[in-house]
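Reading through the structure tokens given below for one structure.
The values are calculated or read from the model by the stated rules, or taken from the named source; none is laboratory data. Bear in mind the structure is a predicted one, so any value in this text is a computation, not a measurement. Methodologically, a virtual Cβ is constructed for each residue, glycine included, from the backbone with ideal geometry; neighbour enumeration extends over all protein chains shown.
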Amino acid sequence: MPSLDKLPYSTCRNVCATGCASYGDRPSECHDYRCLWLDDAVGDSDDRPDLLGLMFDLPSLIEDHPDYQGIQAICARELHPRARDDERAAAMLARLARVMIVRLSSPAGRTELMGPRHLVELLVERARVRLASAPPS
Ligand code: SF4
């Protein structure tokens, strides 16, 4: 099975008019990945990532991170610059951020936290303590 071998947010060489030109032999990264929309965990049929401009997931890197223990969180990825400003996308982000941490990433590589203020402050404090107690590199 070939490797995905592409940079984040760059267009895959296998993209074709009907989707993936190599779908049956797609790389394991693609085969194994499931966004939360695909798992019926976020949104309805109109919120499919290519329609909404946002894709949601919760990678183990975040889910298992000590800073996030006991905090409900979700990762939102903008599929194109300013996708968050679309009315439907903005409403979805606001709805989620009322009850959980939303870790929103932009194509430029910027990540920001949205969510209830006390949870954002808790994450910032946990990061501060963790970094302060880390051995010097
Ligand atoms: S499924 Fe994977 S290989 Fe196919 S187009 Fe998408 S990123 Fe490329």
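Key figures for this structure:
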read-out: Check on Ala76, surrounded by 16 or more Cβ atoms within 10 Å (Cβ to Cβ), in contact with a Phe, Trp or Tyr (Cβ under 6 Å, 6 or more places away or on another chain) and either of a type outside the set (Lys, Arg) or at positive phi (or both); value: yes
read-out: Selected residue (only one of Ala41, Ala21 is away from the ligand (no atom under 16 Å from the Cβ), modelled with pLDDT of 90 or more and not acidic (Asp, Glu)); value: Ala41
read-out: Strands (runs of 3 or more DSSP E) wholly inside the stretch 1-119 containing at least 3 residues that are of a type outside the set (Gly, Ala, Ser) and closer than 30 Å to Ser133 by Cβ; value: 101-105, 111-114
read-out: Lone unmet requirement of (1) over 15 Å from the mean Cα position of the chain (by Cα); (2) touching a residue at least 12 places away in the same chain (Cβ under 8 Å); (3) away from the ligand (no atom under 16 Å from the Cβ); (4) surrounded by 14 or more Cβ atoms within 10 Å (Cβ to Cβ) for Arg98; value: (4)
read-out: Close pairs (6 angstrom Cβ cut-off, 6 or more residues apart or separate chains): closer than 18 Å to Ala97 by Cα in the stretch 47-66, basic (Lys, Arg) anywhere; value: Met55/Arg77
read-out: Test: residue in the stretch 104-123 that is in contact (Cβ under 8 Å) with a residue 24 or more places away in the chain, touching a Cys at 6+ places or on another chain (Cβ under 9 Å) and within 17 Å of Leu36 (Cα to Cα); value: yes
